[in-house]
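Engineer: Mind having a look at this structure? Questions to follow.
Please treat every number below as a calculation from the coordinates, not as lab data. If you're wondering where the values come from, they're calculated on a predicted model, not measured in any experiment. Here the Cβ positions follow ideal geometry from the backbone for every residue, glycine too, while neighbour counts run over all protein chains shown.
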Amino acid sequence: MQAYIVRQPILDEKQDVLGYEILYQEKMGNSQNENSDVKAASAIENFLIQFDSDRFLDGKMAFINFTPNLLLRNIPKIFSPQKLVIQIDDDTIINPSAQSQVYEYKKKGYSIAINGFEFALRYFSILDVVDIIKVNLSGNKESLSNIVNIGKSFNKDIIAYNVNDEETFNLARELGFTYMQGSYVAEVLPTTVHKLNHMQSNFFQLMVAVTKDEPNVDEIEIIISRDVSLTFSLLKLVNSAYFALRHRAKSVKQALVILGLGQLKQWIYLLSFKQDDGSMPEELIRISFLRANFCAELLHFAKDMPISKSEAYLIGMFSTLGSLMEVSLEEALTEISVSDEIKLALTKQEGRCGILYMLILAYEKADWKNMTIYADQLGIPMNIITQKYFECVEYVNTIWNDLTRTNEEIESSEEEEKN
């Protein structure tokens, strides 16, 4: 039995993350009609036992759907009330025993969310214990405004989900939803951001690394490679007319070799004057970093790939470049030199690299059917995909926490190590 599990961020208009919905599916061998409780229980078990859920969620709330039977069997109690939002569907609302159990969980401090809220008495009957109303934006849009107004009048947080395109995103903003969730949301920047900004903490670490008495090129490569804007700026610089290269650099390591430590220090010094008070939404940076690592890890298992691991990394890293620069991805890629395989993968999803990129996107969206098709086409064993996804998420979260630590936290940690 193979579990597929992915987290999908729920964000506010400032791109701050409220929590992650845990989406899952079980691959059940030859049986096509397994009980939904078995699927849900098994997926939750995989999530809790096989992986470190705290690192996977990075301290955020987990939104998880629970069937009536799972509620009655006290499965949510595996989680602490501070870490879980219990999501319930229509079948729970119409089940008297399950509804009674929801009230008990509320008394114990759990947050409750209703999926797919509608104008029906059965929804209003349980509204007093509900904290969050989730509204499906892929369905009927006629009554959405009234649903938002009613929810706010009852002091409920309102989440729009299935926000998967620009039209739906604009509608959700117009209607005043508190939070949004969907494939389009995580890649959209506030309209006030119009250029690339470098993560200040990462940029500071880079400055420290290059000013050491004996700089470590491998360390410098790692620091630059985890920031999409630094990677972009470096490749654009070394492939500019100034260097007049016969063969253009296509990886961070190639760019560092060409630039040399002396000119690298000058480049960083110039970049330090380009910082401003604008900040980059965390989740967008995490997405580019996660996709980069996920692509690079899966490449190892894919057959007949025409690119290297470092090039697979760039597919994931540059997948958010259009959003970062507020231009089309095609236009953004004209600014740098990458292989034709990477460009075709990102802009047209063509070739075997395009299949790898589509696999990554399908997994993000919990589109398990297409994910399985793409994995089969690349010859990637199904049993390693979720494992690699979790490993990459935990790695990215660990790096991110290191990057965003304050000077006080760093000094305190160093003091503890000394003692």
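Engineer: Which distance in nm do the two modelled labels at residue 82 and residue 120 give, with both placed 7 Å along the Cα-to-Cβ direction?
Structural biologist: Those two pseudo-labels are separated by 3.7 nm.
Engineer: Calculate, for residue 267 and residue 48, the FRET efficiency according to 1/(1 + (r/R0)^6) with r their C-beta to C-beta distance and R0 41 Å; round to the nearest 0.05.
Structural biologist: 0.35
Engineer: Suppose each label sits 7 Å from its Cα in the direction of the beta carbon; what would the residue 395-residue 127 distance come out to in nanometres?
Structural biologist: Result: 4.8 nm between the two label points.
Engineer: Moving to a separate point now. With charges only on Cβ, +1 for K and R and -1 for D and E, what is the dipole size of segment 70-109 about its Cα centre, in debye, rounded to 20?
Structural biologist: Dipole size: approximately 340 debye.
Engineer: R0 = 35 Å: FRET efficiency of residue 108 with residue 222, Cβ-based, nearest 0.05?
Structural biologist: 0.20
Engineer: Compute the length gained on full extension between residue 326 and residue 16: take 0.36 nm times their separation in residues and subtract their Cα-Cα distance, giving the result in nm to one decimal.
Structural biologist: The residue 326-residue 16 span can extend by a further 109.7 nm.
Engineer: Based only on other Cβ atoms within 10 Å, what is the fewest-to-most ordering of 207, 371?
Structural biologist: If I rank by nearby Cβ atoms, fewest first, I get 207, 371.
Engineer: Right, another one. For labels at residue 334 and residue 304 in the simple 7 Å Cα→Cβ model, what's the distance in nm?
Structural biologist: 3.4
Engineer: Still on this model: Exceeding 24 Å between C-alpha atoms, which entries from my cross-link table qualify? They are 212/388; 106/156; 106/134; 77/369; 212/250; 107/134.
Structural biologist: Details: 212/388 34 Å; 106/156 15 Å; 106/134 17 Å; 77/369 31 Å; 212/250 26 Å; 107/134 21 Å.
In this structure, 212/388; 77/369; 212/250 lie more than 24 Å apart at Cα.
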